[in-house]
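Encoded as structure tokens, the structure appears first; notes follow it.
The values are calculated or read from the model by the stated rules, or taken from the named source; none is laboratory data. The structure displayed is predicted, hence computed values, not measured ones. Note that we place each Cβ from the backbone using ideal geometry, even for glycine, and neighbour counts take in every protein chain shown.
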Amino acid sequence: MRALVLAAVMAAGLAGQAVAQEGDIAATIRGQMDAFLAEDPARAFTYASPGIQGLFGTPDNFARMVRDGYPMVWRPDDVRFGPLRQVDGAQLQSVYVTDADGRAHLLEYRMEQIDGRWRIAGVRLLQAPEASV
């Protein structure tokens, strides 16, 4: 009986950690999108992982890539978070974005935790689900 109670308490604790992690990851992604909306590339760059920062070098280079390659992230009209998955040790967050023209996009954010803070290590555009009639 004691083992069952201990298992239930541990499961509840792990579930609470998972919910907190999802919230922190969503806050990181939203924070970067808010920075893009405010046209603050320096702040948006702080949400990127060191690998991404090294790849682009400057906040302006990074902002140019996002603006040109991911306009739905640069100017999202609506953002909704899908499931968070762990694959080969990486945290992958699905994000549904509607752009200013009403088109739906599905993105997958690869997240890294560095010094206790979540950072964006990559974004991949996936095929958006078909709209239902």
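For the stretch 75-100, give me each residue that is over 21 Å from Ala63 (Cβ atoms) and in a loop (DSSP other than H, G, I, E, B).
Result: Asp88, Gly89.
Given the structure, is Thr98 hydroxyl-bearing (Ser, Thr, Tyr), out of contact with any strand residue (DSSP E or B) (no Cβ under 9 Å at 6 or more places or on another chain) and surrounded by fewer than 17 Cβ atoms within 10 Å (Cβ to Cβ)?
Details: hydroxyl-bearing (Ser, Thr, Tyr): yes; out of contact with any strand residue (DSSP E or B) (no Cβ under 9 Å at 6 or more places or on another chain): no; surrounded by fewer than 17 Cβ atoms within 10 Å (Cβ to Cβ): yes.
When the stated conditions are applied, Thr98 does not pass them.
Please go through the stretch 54-72 and pick out each residue that is touching a Lys or Arg at 6+ places or on another chain (Cβ under 9 Å) and not basic (Lys, Arg). If you could, list the steps in order and put the result at the bottom.
Initially, the stretch 54-72 is screened for residues touching a Lys or Arg at 6+ places or on another chain (Cβ under 9 Å), giving 56, 59, 67, 72.
Selection gives Phe56, Pro59, Met72.
Considering only residues that are at pLDDT 95 or above and hydrophobic (A, V, I, L, M, F, W, C), look in the stretch 88-104 and name the one that is farthest from Ala38 (Cα to Cα).
Ranking the qualifying residues of the stretch 88-104, first place goes to Leu92.
Exactly one of these conditions fails for Leu107: (1) modelled with pLDDT under 95; (2) under 16 Å from Leu126 (Cα atoms). Give me its number.
(1)
Filter the stretch 38-61 down to the residues that are touching a helix residue (DSSP H, G or I) at 6+ places or on another chain (Cβ under 6 Å) and under 18 Å from Val97 (Cβ atoms), then identify the one that is surrounded by the most Cβ atoms within 10 Å (Cβ to Cβ).
Once the filter is applied, the top-ranked residue is Ala44.
Only one of these conditions is not met by Val79: (1) surrounded by fewer than 15 Cβ atoms within 10 Å (Cβ to Cβ); (2) β-branched (Val, Ile, Thr); (3) modelled with pLDDT of 95 or more. Which number is it?
Exception for Val79: condition (1).
Applying the selection to the stretch 25-38, what residues are in contact (Cβ under 8 Å) with a residue 24 or more places away in the chain and over 12 Å from the mean Cα position of the chain (by Cα)?
Phe36, Leu37
Please verify whether the stretch 12-26 includes one or more residues that are modelled with pLDDT of 95 or more and aliphatic (A, V, I, L, M).
Going residue by residue through the stretch 12-26, those that are modelled with pLDDT of 95 or more are 24-26.
From the residues that got through so far, the ones that are aliphatic (A, V, I, L, M) too are 25-26.
Yes.
Give me the pairs: first residue in the stretch 83-109 and at positive phi, second residue surrounded by 11 or more Cβ atoms within 10 Å (Cβ to Cβ) and not basic (Lys, Arg), beta-carbon distance under 6 Å, and six or more apart or on different chains, which are they?
Cβ pairs passing all conditions: none.
Within the stretch 42-66, can you find the residues that are touching a residue at least 24 places away in the same chain (Cβ under 8 Å) and assigned to a helix (DSSP H, G or I)? First the steps, then the outcome.
Within the stretch 42-66, the first condition is being touching a residue at least 24 places away in the same chain (Cβ under 8 Å), and the residues that meet it are 47-52, 63, 66.
Within the stretch 42-66, Pro50, Gly51, Ile52, Ala63, Val66 meet the criteria.
Considering only the stretch 106-117, how many residues are assigned to a strand (DSSP E or B), over 9 Å from the mean Cα position of the chain (by Cα) and within 22 Å of Phe45 (Cβ to Cβ)?
Looking only at the stretch 106-117, we keep the residues that are assigned to a strand (DSSP E or B), and these are 106-114, 117.
Next, from what is left, pick out any that are over 9 Å from the mean Cα position of the chain (by Cα): 106, 112-114, 117.
With within 22 Å of Phe45 (Cβ to Cβ) added as a condition, the list becomes 112-114, 117.
Looking only at that region, the number is 4.
Suppose the filter is more than 15 Å from Thr28 (Cβ to Cβ), of a type in the set (Phe, Trp, Tyr) and more than 13 Å from the chain's Cα centre (by Cα); does Tyr70 pass it? Spell out how you get there, then give the answer.
On the way: more than 15 Å from Thr28 (Cβ to Cβ): yes; of a type in the set (Phe, Trp, Tyr): yes; more than 13 Å from the chain's Cα centre (by Cα): yes.
Against the criterion (more than 15 Å from Thr28 (Cβ to Cβ), of a type in the set (Phe, Trp, Tyr) and more than 13 Å from the chain's Cα centre (by Cα)), Tyr70 qualifies.
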